[in-house]
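Have a look at the structure below, then the notes.
The values are calculated or read from the model by the stated rules, or taken from the named source; none is laboratory data. Model, not experiment: these values are computed from the prediction. Cβ atoms come from the backbone with ideal geometry, glycine included; neighbour counts cover every protein chain shown. Calculation scope for accessible area: heavy atoms of the full protein, side chains included, ligands and nucleic acids excluded. Shrake-Rupley method; radii C 1.70, N 1.55, O 1.52, S 1.80 Å.
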Amino acid sequence: MCLSRQGLKTFTLTALVVAAFSALLALSAPALAAQTGLDLVSEAPRRDTPVVLNGRVLAHAQVGNRVFVGGTFTQVEKQDGTVVNQAYIFAYDLGTGIFDDNFRPVLNNSVNALETAPNGNDLYVGGRFAQWDNNSQQRVAKLDAAGNLDTTFNGSANAVVRDLAVTSNRLYLAGDFNQVSGAPRVGFASVTLGTGAIDNGFVFNVENVEPGTTAYARRIVATPNGSHVYGLHFGTHINGFQREALVKINVVNPTALLGNWAVPWSAQAQDENCRQDLRDLAISPDGSFIVVAGQGRDH
(Lines give C-alpha, C1' and ligand atoms only; values in the text may rest on other atoms or scores of the structure.)
Protein backbone atom coordinates (compact mmCIF):
# COMPACT_ATOMS: atom_id res chain seq x y z
CA MET A 1 0.00 0.00 0.00
CA CYS A 2 1.26 3.51 -0.87
CA LEU A 3 0.95 5.88 2.07
CA SER A 4 2.97 8.83 3.24
CA ARG A 5 2.49 11.67 5.71
CA GLN A 6 4.61 14.81 5.86
CA GLY A 7 3.30 18.15 7.15
CA LEU A 8 -0.18 18.12 5.67
CA LYS A 9 -1.62 14.65 5.22
CA THR A 10 -1.29 12.99 1.82
CA PHE A 11 -2.94 9.75 0.79
CA THR A 12 -2.90 7.68 -2.38
CA LEU A 13 -6.11 6.03 -3.47
CA THR A 14 -5.78 2.73 -1.63
CA ALA A 15 -7.76 0.49 0.66
CA LEU A 16 -7.40 3.12 3.38
CA VAL A 17 -9.37 5.65 1.36
CA VAL A 18 -11.87 3.02 0.24
CA ALA A 19 -12.45 2.10 3.87
CA ALA A 20 -13.02 5.73 4.78
CA PHE A 21 -15.57 6.14 2.00
CA SER A 22 -17.29 2.91 3.07
CA ALA A 23 -17.64 4.24 6.60
CA LEU A 24 -19.15 7.47 5.34
CA LEU A 25 -21.55 5.69 3.02
CA ALA A 26 -22.86 3.70 5.99
CA LEU A 27 -24.29 6.94 7.37
CA SER A 28 -27.63 8.33 6.34
CA ALA A 29 -27.54 11.30 3.94
CA PRO A 30 -28.42 13.88 6.65
CA ALA A 31 -25.87 12.39 9.03
CA LEU A 32 -23.21 12.35 6.34
CA ALA A 33 -23.87 15.97 5.45
CA ALA A 34 -23.72 16.97 9.10
CA GLN A 35 -20.48 15.07 9.70
CA THR A 36 -18.65 16.32 6.60
CA GLY A 37 -20.09 19.82 6.46
CA LEU A 38 -20.72 19.38 2.73
CA ASP A 39 -23.90 19.39 0.68
CA LEU A 40 -24.72 16.10 -1.02
CA VAL A 41 -25.99 15.53 -4.52
CA SER A 42 -29.29 13.74 -4.95
CA GLU A 43 -29.25 9.95 -4.99
CA ALA A 44 -31.23 10.12 -8.24
CA PRO A 45 -29.14 11.58 -11.10
CA ARG A 46 -30.65 14.22 -13.36
CA ARG A 47 -31.78 12.98 -16.74
CA ASP A 48 -32.57 16.31 -18.41
CA THR A 49 -29.04 17.48 -19.18
CA PRO A 50 -27.09 17.01 -22.44
CA VAL A 51 -25.41 13.63 -22.94
CA VAL A 52 -21.85 13.30 -24.19
CA LEU A 53 -21.80 10.56 -26.83
CA ASN A 54 -18.08 9.94 -27.25
CA GLY A 55 -14.71 10.83 -25.78
CA ARG A 56 -14.32 11.89 -22.16
CA VAL A 57 -15.54 14.70 -19.93
CA LEU A 58 -12.54 16.22 -18.15
CA ALA A 59 -13.81 19.44 -16.57
CA HIS A 60 -16.89 21.34 -15.34
CA ALA A 61 -17.38 24.93 -14.21
CA GLN A 62 -20.39 27.08 -13.39
CA VAL A 63 -20.79 30.72 -14.43
CA GLY A 64 -24.09 32.19 -13.32
CA ASN A 65 -26.84 29.78 -14.29
CA ARG A 66 -24.77 28.03 -16.95
CA VAL A 67 -22.60 24.96 -16.61
CA PHE A 68 -19.64 24.63 -18.96
CA VAL A 69 -18.31 21.17 -19.82
CA GLY A 70 -14.93 20.42 -21.36
CA GLY A 71 -13.20 17.26 -22.57
CA THR A 72 -12.19 15.17 -25.57
CA PHE A 73 -15.73 14.56 -26.91
CA THR A 74 -17.00 15.69 -30.32
CA GLN A 75 -20.75 14.91 -30.15
CA VAL A 76 -23.49 15.84 -27.68
CA GLU A 77 -27.13 14.71 -27.52
CA LYS A 78 -29.69 17.38 -26.59
CA GLN A 79 -32.81 16.81 -24.48
CA ASP A 80 -34.98 16.12 -27.51
CA GLY A 81 -32.59 13.47 -28.82
CA THR A 82 -30.99 15.70 -31.44
CA VAL A 83 -27.30 14.95 -31.90
CA VAL A 84 -25.05 17.97 -32.43
CA ASN A 85 -21.45 18.01 -33.51
CA GLN A 86 -19.94 20.11 -30.75
CA ALA A 87 -16.34 19.31 -29.98
CA TYR A 88 -14.40 19.77 -26.74
CA ILE A 89 -16.65 22.29 -24.94
CA PHE A 90 -20.36 23.08 -24.53
CA ALA A 91 -22.70 24.73 -22.04
CA TYR A 92 -26.19 24.12 -20.67
CA ASP A 93 -28.65 25.87 -18.37
CA LEU A 94 -28.32 24.65 -14.78
CA GLY A 95 -32.03 25.02 -14.04
CA THR A 96 -33.54 23.54 -17.19
CA GLY A 97 -30.69 21.38 -18.49
CA ILE A 98 -31.19 22.85 -21.96
CA PHE A 99 -28.19 22.80 -24.30
CA ASP A 100 -26.94 26.32 -25.02
CA ASP A 101 -27.22 26.78 -28.79
CA ASN A 102 -25.73 30.27 -28.51
CA PHE A 103 -22.43 28.85 -27.26
CA ARG A 104 -20.95 26.94 -30.18
CA PRO A 105 -17.22 27.74 -30.34
CA VAL A 106 -15.02 25.82 -32.75
CA LEU A 107 -11.83 24.42 -31.20
CA ASN A 108 -9.20 22.26 -32.85
CA ASN A 109 -8.36 20.14 -29.79
CA SER A 110 -9.45 19.14 -26.30
CA VAL A 111 -10.26 21.10 -23.13
CA ASN A 112 -8.65 19.75 -19.94
CA ALA A 113 -9.46 22.41 -17.33
CA LEU A 114 -12.13 25.02 -16.56
CA GLU A 115 -11.94 27.55 -13.73
CA THR A 116 -14.37 30.32 -12.82
CA ALA A 117 -12.80 33.71 -12.10
CA PRO A 118 -13.13 35.26 -8.62
CA ASN A 119 -15.68 37.75 -9.99
CA GLY A 120 -17.98 34.81 -10.79
CA ASN A 121 -18.48 36.01 -14.36
CA ASP A 122 -15.39 35.08 -16.35
CA LEU A 123 -14.21 31.59 -17.24
CA TYR A 124 -10.67 30.35 -17.86
CA VAL A 125 -10.09 27.41 -20.18
CA GLY A 126 -6.98 25.27 -20.55
CA GLY A 127 -6.17 22.32 -22.78
CA ARG A 128 -4.57 21.18 -26.02
CA PHE A 129 -6.36 23.57 -28.37
CA ALA A 130 -4.41 26.09 -30.44
CA GLN A 131 -7.38 27.57 -32.29
CA TRP A 132 -10.64 29.12 -31.01
CA ASP A 133 -13.04 29.99 -33.80
CA ASN A 134 -10.90 32.04 -36.15
CA ASN A 135 -8.43 33.10 -33.48
CA SER A 136 -5.08 31.59 -32.62
CA GLN A 137 -5.45 30.74 -28.94
CA GLN A 138 -2.55 28.77 -27.58
CA ARG A 139 -3.91 26.34 -24.98
CA VAL A 140 -5.34 28.87 -22.52
CA ALA A 141 -8.26 31.25 -22.98
CA LYS A 142 -10.55 33.58 -21.08
CA LEU A 143 -14.31 33.85 -21.73
CA ASP A 144 -16.75 36.47 -20.53
CA ALA A 145 -20.07 35.70 -18.82
CA ALA A 146 -21.75 35.18 -22.20
CA GLY A 147 -19.09 32.73 -23.34
CA ASN A 148 -17.40 35.13 -25.74
CA LEU A 149 -13.64 34.88 -26.16
CA ASP A 150 -11.83 37.75 -24.44
CA THR A 151 -9.31 38.81 -27.09
CA THR A 152 -7.54 41.16 -24.64
CA PHE A 153 -6.34 38.13 -22.70
CA ASN A 154 -3.02 37.14 -24.27
CA GLY A 155 -1.99 34.23 -22.11
CA SER A 156 -0.46 31.30 -24.01
CA ALA A 157 1.47 28.07 -23.54
CA ASN A 158 3.62 26.19 -26.04
CA ALA A 159 2.32 22.74 -25.00
CA VAL A 160 -0.71 21.20 -23.35
CA VAL A 161 -2.21 22.82 -20.23
CA ARG A 162 -3.42 20.03 -17.98
CA ASP A 163 -4.82 22.04 -15.07
CA LEU A 164 -5.70 25.55 -13.86
CA ALA A 165 -6.15 27.19 -10.47
CA VAL A 166 -7.37 30.70 -9.67
CA THR A 167 -6.78 33.04 -6.74
CA SER A 168 -7.91 36.64 -6.30
CA ASN A 169 -5.25 38.03 -8.64
CA ARG A 170 -3.54 35.16 -10.45
CA LEU A 171 -4.23 32.28 -12.81
CA TYR A 172 -1.96 29.27 -12.23
CA LEU A 173 -1.19 26.70 -14.92
CA ALA A 174 0.17 23.16 -14.85
CA GLY A 175 1.13 21.19 -17.92
CA ASP A 176 3.74 20.01 -20.38
CA PHE A 177 4.91 23.45 -21.49
CA ASN A 178 8.33 25.04 -21.19
CA GLN A 179 7.15 28.48 -22.22
CA VAL A 180 4.15 30.54 -21.05
CA SER A 181 3.18 33.98 -22.34
CA GLY A 182 6.57 34.28 -23.99
CA ALA A 183 8.62 33.47 -20.86
CA PRO A 184 10.48 30.26 -19.97
CA ARG A 185 8.42 28.21 -17.51
CA VAL A 186 8.67 24.42 -17.14
CA GLY A 187 5.55 22.66 -15.87
CA PHE A 188 4.14 25.41 -13.66
CA ALA A 189 3.40 29.09 -14.34
CA SER A 190 1.34 32.04 -13.19
CA VAL A 191 -0.22 34.83 -15.25
CA THR A 192 -2.37 37.86 -14.49
CA LEU A 193 -6.13 37.36 -14.59
CA GLY A 194 -6.80 40.31 -16.86
CA THR A 195 -4.26 40.16 -19.67
CA GLY A 196 -2.51 36.83 -19.23
CA ALA A 197 0.87 38.53 -18.79
CA ILE A 198 3.51 36.36 -17.15
CA ASP A 199 3.99 36.63 -13.40
CA ASN A 200 7.70 37.32 -12.95
CA GLY A 201 7.49 36.49 -9.24
CA PHE A 202 6.44 32.88 -9.86
CA VAL A 203 9.25 30.72 -11.30
CA PHE A 204 9.13 27.06 -10.26
CA ASN A 205 10.53 24.76 -12.92
CA VAL A 206 10.05 21.00 -12.85
CA GLU A 207 13.34 19.10 -13.18
CA ASN A 208 14.54 15.52 -13.58
CA VAL A 209 11.48 13.98 -15.21
CA GLU A 210 11.56 10.44 -16.57
CA PRO A 211 13.96 10.14 -19.56
CA GLY A 212 12.22 10.50 -22.90
CA THR A 213 9.04 12.08 -21.52
CA THR A 214 7.77 15.55 -22.33
CA ALA A 215 5.27 15.55 -19.46
CA TYR A 216 6.11 17.97 -16.64
CA ALA A 217 3.12 18.74 -14.40
CA ARG A 218 -0.36 17.28 -13.99
CA ARG A 219 -2.26 19.27 -11.35
CA ILE A 220 -2.24 22.57 -9.47
CA VAL A 221 -4.64 23.58 -6.68
CA ALA A 222 -4.92 26.70 -4.52
CA THR A 223 -5.79 26.80 -0.83
CA PRO A 224 -9.20 28.36 -0.08
CA ASN A 225 -7.57 31.52 1.28
CA GLY A 226 -5.28 31.81 -1.73
CA SER A 227 -2.09 31.82 0.34
CA HIS A 228 -0.54 28.68 -1.17
CA VAL A 229 -0.69 26.47 -4.20
CA TYR A 230 0.15 22.78 -4.34
CA GLY A 231 1.38 21.10 -7.50
CA LEU A 232 1.57 17.50 -8.67
CA HIS A 233 4.38 16.93 -11.18
CA PHE A 234 6.44 14.25 -12.91
CA GLY A 235 9.89 15.27 -11.68
CA THR A 236 12.01 14.92 -8.57
CA HIS A 237 13.21 18.52 -8.20
CA ILE A 238 11.88 22.08 -8.40
CA ASN A 239 14.45 24.80 -9.08
CA GLY A 240 17.22 22.47 -7.93
CA PHE A 241 15.51 21.49 -4.66
CA GLN A 242 14.25 17.97 -4.06
CA ARG A 243 10.47 17.99 -4.24
CA GLU A 244 9.44 14.57 -5.47
CA ALA A 245 6.12 14.70 -7.33
CA LEU A 246 4.57 17.21 -4.92
CA VAL A 247 5.39 20.85 -4.24
CA LYS A 248 4.00 23.53 -1.93
CA ILE A 249 4.43 27.18 -2.91
CA ASN A 250 3.72 30.25 -0.77
CA VAL A 251 2.10 32.90 -3.00
CA VAL A 252 1.21 35.52 -0.38
CA ASN A 253 3.88 37.99 -1.51
CA PRO A 254 4.64 39.24 -5.04
CA THR A 255 7.67 36.92 -5.12
CA ALA A 256 6.41 33.41 -4.40
CA LEU A 257 8.48 31.12 -2.17
CA LEU A 258 9.14 27.40 -2.32
CA GLY A 259 7.74 25.77 0.80
CA ASN A 260 9.83 23.51 3.03
CA TRP A 261 7.10 20.86 2.94
CA ALA A 262 8.06 17.76 0.95
CA VAL A 263 7.15 14.08 0.73
CA PRO A 264 10.33 11.94 0.64
CA TRP A 265 9.04 9.15 -1.59
CA SER A 266 12.47 7.74 -2.45
CA ALA A 267 13.40 7.44 1.24
CA GLN A 268 10.52 5.02 1.79
CA ALA A 269 11.17 1.77 -0.04
CA GLN A 270 7.51 0.74 -0.11
CA ASP A 271 6.45 4.13 -1.49
CA GLU A 272 9.17 4.98 -4.00
CA ASN A 273 7.28 3.65 -7.03
CA CYS A 274 4.08 5.34 -5.88
CA ARG A 275 5.46 8.65 -7.07
CA GLN A 276 5.15 7.49 -10.67
CA ASP A 277 1.53 6.42 -10.18
CA LEU A 278 0.09 9.67 -8.82
CA ARG A 279 -2.64 11.09 -11.01
CA ASP A 280 -4.75 13.64 -9.13
CA LEU A 281 -4.64 16.21 -6.36
CA ALA A 282 -7.32 17.99 -4.35
CA ILE A 283 -7.50 20.15 -1.24
CA SER A 284 -10.05 20.06 1.56
CA PRO A 285 -12.61 22.91 1.80
CA ASP A 286 -10.93 24.25 4.95
CA GLY A 287 -7.41 23.92 3.50
CA SER A 288 -6.19 21.66 6.32
CA PHE A 289 -5.16 18.69 4.18
CA ILE A 290 -4.62 17.56 0.61
CA VAL A 291 -5.58 14.28 -1.01
CA VAL A 292 -3.38 12.68 -3.65
CA ALA A 293 -4.83 9.90 -5.78
CA GLY A 294 -2.98 7.31 -7.82
CA GLN A 295 -3.61 4.21 -9.88
CA GLY A 296 -3.97 2.08 -6.76
CA ARG A 297 -1.09 -0.28 -7.47
CA ASP A 298 0.18 -2.26 -4.45
CA HIS A 299 3.86 -2.16 -3.52
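Excluding ASN178 itself, calculate the net charge of residues whose Cβ lies under 13 Å from the Cβ of ASN178, where each Lys or Arg counts +1 and each Asp or Glu counts -1.
Here the charged neighbours net out to 0.
Full extension from VAL83 to ARG279: what is 0.36 nm times the residue separation minus their Cα-Cα distance, to one decimal in nm?
Taking VAL83 through ARG279 to full extension adds about 67.3 nm, to one decimal.
Could you give the C-alpha radius of gyration of the stretch 173-298 expressed as a fraction of 2.2 N^0.38 Å, taking N as the number of residues it contains?
Rounded to two decimals, the normalised Rg is 1.04.
May I ask you to give the percent of accessible area on the stretch 146-271 that is carbon plus sulfur, with a probe radius of 1.4 Å?
In the stretch 146-271, the share of accessible area belonging to carbon and sulfur is 48 percent.
Sum up the charges of everything whose Cβ sits under 15 Å from the Cβ of SER168, counting Lys and Arg as +1 and Asp and Glu as -1, but leave SER168 out.
Net charge in that neighbourhood comes out at -2.
Give me the net charge for the shell around ASP100: Cβ to Cβ below 12 angstrom, other residues only, Lys and Arg +1, Asp and Glu -1.
So the surrounding residues net to +1.
Given all pairs of different Cα atoms, what value in angstroms does the Kirkwood hydrodynamic radius of the stretch 133-190 take?
About 11.9 Å for the stretch 133-190.
Taking only protein heavy atoms into account and a 1.4 Å probe, give the accessible area per residue of the stretch 162-258 in Å².
38
Skipping prolines and chain starts, which residues have an amide H placed within reach, meaning under 5 Å, of the one on ARG219, given they are 5 or more residues away or on another chain?
Amide H to amide H, under 5 Å and 5 or more residues apart or across chains, ARG219 pairs with LEU232.
Length gain on complete extension for the stretch SER42 to ASP286, per 0.36 nm per residue less the alpha carbon to alpha carbon distance?
85.5 nm
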